[in-house]
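The values are calculated or read from the model by the stated rules, or taken from the named source; none is laboratory data. Treat the numbers as computed from the prediction; the structure is a model and nothing was measured. Here the Cβ is made from the backbone with ideal geometry for all residues, glycine too, and neighbour counts use every protein chain on show.
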Amino acid sequence: MKGWSMAGWRAPLLLALPAGLALAFVFGWPIAVLGRMSFNRTLPGGAMQDAFALDTHAGLWADPFYLELAWNSIELSVVACTCAVVLSYPVALFLFRTTSRWRPLLVVLAVSPLLVNGVVRVFGWFAVLGDRGIVNALLKWTGLVEQPVRLMYNWTGVAIGLTESLMPYTILALLAGLGRLDRALEEAASTLGARPSVVFLRVTLPLSLPAIVLAWLLAFVLAVSAFVTPKLLGGARVMTLATEIYEQALVSLDWPLAASLAMHMLVLLGLLLAAYGALTRRLVR
Amino acid sequence: MTGLRLSGLTKRYGPGPAAVDGMSLEVAAGEFLALLGPSGCGKTTCLRMLAGLVPPDEGRIEVGGRDVTALPPFRRNMGLVFQNYALFPHMDVAANVAFGLEMRSVSSAERARLVAEALRLVRLEGYERRRPRELSGGQQQRVALARALVIRPDVLLLDESLSNLDAKLREQMRLEIREIQRKLAITTVFVTHDQVEALSMCDRVAVMDSGRVSQVGTPEDLYERPANRFVAGFVGRANWLAGIARAGGVELAGTRVAAVHGEADGAAVELMLRPHRLRLRRAGGAGAEGEASLPGKVRSLSYVGDVAQVEVETAAGRLVVERGTDGGDWRGFAEGEAVEVGWSPAGARAFPAGQPARAGA
């Protein structure tokens, strides 16, 4: 018995070791380096000075621009992931339900945007959302508008592009989470007198809640850290934490500032996830 | 009280034989009827058509004289107990039971009263706030039953409702369901593949085979007077001996024995003999008045508790004879001993040969 109990805690630890080491090396170490860098100073000439000072962090908090940036990122992410989850839910529900022999193909199709490079996908949106894109051509042709509607290089464009880029992930997450949705439960509700809309609201939706939470969470993490879509579809007009970090690290070469922004974003994300987790645990039980 | 009538009910899934093929059946008000058959015989499809979950291709379903064939499940007022109970995992016991009442806009005070009454009926008072996953299989079964009964359904439908319980609990639930059904006098259709359940619980049993009703009757009818080879083989255990039909009997390996059948002289038949209706005596001993018999040799004896099975090799084939173990006289025969197997002709029925016996006895 003793031997077994030893194996009981040792074996999982041993199994987790390779992944743990890899993560520590490629994830933990760079973050530590970044954290250290955020305490360095940037001299007026732009050079980095080794130091252990809070100047950079303090500077962030003093400048309202960065608060707005953070708020902008969160708002954009919340809107985009909510849209993505709402749009994905019917698709995932259909894919989960269908008994068609085309089901595997349909699932692959639903996540196929992942096969296309993110940059290329954004360029695809140019053709759709541009002033002479499909949407505006359609609007003009139907006579709804005289002047093209700005759908690109602004907040709306980024939200649309971000929503689309999140959907393959939300569909996959929903599909995985719908596993415990049993058709018999819906049938039971309907034999007890529930109309289809009531079955959906009282049985299907509550039972999909864990899946929805999971999908939303995944999408949120991806959205906050999204860089390509806001950068390209937003032009220089839509700024998020991610684009600003890029800007500071690779254009302005202000590494301590970029590092400080990144650390703040990490903490912010951690706090938001913790709050969200606490909230949904209560909701889903 | 409402009866149930199915006429010409048919359902096809794709090409090939229909799952339910022109099924007609009548269930009297307050009657407890079993749909008994092997898996794939169409009994579950039939039940789902009754509940409105599967639309029939042809035929009519009437409840209390009213045609409900075209009604969706939520307008049918039928209580269905699913095989896996299908309790709502996100609701507690009380909410599960109250669901149907809520759908019928019953006031909350009345709802609470009816839920309490239904839970008392299935002996689950005090479990209102539990979640389904905190209940045992038997308790879940009771909740499902209470949920189906509380809406006062016109018809109660039970879909293999006992098959997920262990043997002891199943026996207890059998008695309980029967008692509740009697108390409420509710028209009930019970789908099962378990003949013991069907025979012990139900007023009448409809044996199904390949989407059709093979025979409907009381448990005794089915057992004592099976209409065909399938029913005889499916309900109860049986020995089968090949023979040739003769007037008033069957010729078995040259010996003529009395038996009941409706076949023409000379037709190939199979004779059914129930193991526990066979009597065994030493060769040369005198049989009872009017008894039919075959000589044979004891091949093996096996003790299985309440009975002992004696396997006898006769010229017409092998026969299993069951003897009560009470008193221990089953030991009176030894392997290899020459014996005579006897039976009363009224219990021996012959059916046309060549029909496959699809299910094990």
Output the residues belonging to region A:162-185 that are buried (at least 20 other Cβ atoms within 10 Å of the Cβ) and within 13 Å of chain B (Cβ to nearest Cβ).
A:Leu185
Going by what's in this entry, would A:Thr156 be described as surrounded by fewer than 21 Cβ atoms within 10 Å (Cβ to Cβ), part of a helix (DSSP H, G or I), free of Cβ contacts under 8 Å to residues at least 60 places away in the same chain and of a type in the set (Val, Ile, Thr)?
yes
Would you pick out the residues in region B:55-82 that are assigned to a loop (DSSP other than H, G, I, E, B) and at the interface with chain A (Cβ under 8 Å from one of its Cβ atoms)?
B:Pro72, B:Arg76, B:Asn77, B:Phe82
With surrounded by fewer than 23 Cβ atoms within 10 Å (Cβ to Cβ), β-branched (Val, Ile, Thr) and without any contact (Cβ under 8 Å) to a residue 40 or more places away in the chain as the only criterion, which of B:Val63, B:Val68, B:Val54 stands out?
B:Val68
Checked region B:146-161 for anything of a type outside the set (Lys, Arg) and surrounded by fewer than 22 Cβ atoms within 10 Å (Cβ to Cβ); matches are B:Asp154, B:Glu160
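Can you find a residue that is acidic (Asp, Glu), part of a strand (DSSP E or B) and touching a Lys or Arg at 6+ places or on another chain (Cβ under 8 Å) anywhere in region B:288-298?
no
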Inside region B:1-12, can you point out the residues that are farther than 25 Å from B:Arg152 by Cα and either modelled with pLDDT under 90 or among the basic types (Lys, Arg) (or both)?
B:Lys11, B:Arg12
Which ranges mark the helices (runs of 4 or more DSSP H) fully within region A:32-127 that have 3 or more residues being among the hydroxyl-bearing types (Ser, Thr, Tyr) and in contact (Cβ under 8 Å) with a residue 12 or more places away in the chain?
A:64-97
I need the full set of residues from region B:90-108 which are more than 7 Å from chain A (Cβ to nearest Cβ) and surrounded by 15 or more Cβ atoms within 10 Å (Cβ to Cβ), in order please.
B:Met91, B:Asp92, B:Val93, B:Ala94, B:Ala95, B:Asn96, B:Val97, B:Ala98, B:Leu101, B:Glu102, B:Val106
Is there a residue in region A:143-152 that is buried (at least 16 other Cβ atoms within 10 Å of the Cβ) and either within 14 Å of another protein chain (Cβ to nearest Cβ) or out of contact with any helix residue (DSSP H, G or I) (no Cβ under 6 Å at 6 or more places or on another chain) (or both)?
no
Output for region A:199-214, where each listed residue is more than 7 Å from chain B (Cβ to nearest Cβ) and of a type in the set (A, V, I, L, M)
A:Val199, A:Leu201, A:Leu205, A:Leu209, A:Ala211, A:Ile212, A:Val213, A:Leu214
Any idea which of B:Ala308, B:Ala292, B:Ala315 is surrounded by fewer than 16 Cβ atoms within 10 Å (Cβ to Cβ) and either of a type in the set (A, V, I, L, M) or under 26 Å from B:Ala258 (Cβ atoms) (or both)?
B:Ala315
Unique residue being over 15 Å from B:Ala316 (Cα atoms), assigned by TED's automatic domain parsing to the domain that holds B:Glu340 and not β-branched (Val, Ile, Thr) when the list is B:Ala292, B:Ala206, B:Ala283, B:Ala245:
B:Ala283
Considering only region B:186-266, give the helices (runs of 4 or more DSSP H) lying wholly within it that have at least 3 residues that are under 25 Å from the mean Cα position of the chain (by Cα), without any contact (Cβ under 8 Å) to a residue 40 or more places away in the chain and crowded, with 21+ Cβ neighbours inside 10 Å.
none
Among the residues of region B:153-161, is any free of Cβ contacts under 8 Å to residues at least 60 places away in the same chain and either assigned by TED's automatic domain parsing to the domain that holds B:Leu36 or among the hydrophobic types (A, V, I, L, M, F, W, C) (or both)?
no
For region B:319-352, how many residues meet the condition of being farther than 25 Å from B:Gly290 by Cβ and assigned to a strand (DSSP E or B)?
1
Quick one: how many residues across region B:272-281 are assigned to a strand (DSSP E or B), under 31 Å from the mean Cα position of the chain (by Cα) and closer than 22 Å to B:Ala338 by Cβ?
3
Within region A:216-230, identify whether any single residue is under 22 Å from the mean Cα position of the chain (by Cα) and within 14 Å of chain B (Cβ to nearest Cβ), and answer yes or no.
no
Is region B:136-145 home to any residue that is within 14 Å of another protein chain (Cβ to nearest Cβ), in contact (Cβ under 8 Å) with a residue 24 or more places away in the chain and either surrounded by fewer than 16 Cβ atoms within 10 Å (Cβ to Cβ) or in contact with a His (Cβ under 6 Å, 6 or more places away or on another chain) (or both)?
no
Just give me the residues in region B:81-109 being of a type in the set (Gly, Ala, Ser) and more than 32 Å from the chain's Cα centre (by Cα), in sequence order.
B:Ala94, B:Ala95, B:Ser105, B:Ser107, B:Ser108, B:Ala109
Which of the residues spanning region A:186-197 are crowded, with 16+ Cβ neighbours inside 10 Å and facing another protein chain (nearest Cβ under 8 Å)?
A:Glu187, A:Ala188, A:Ala189, A:Ser190, A:Thr191, A:Leu192, A:Gly193, A:Ala194
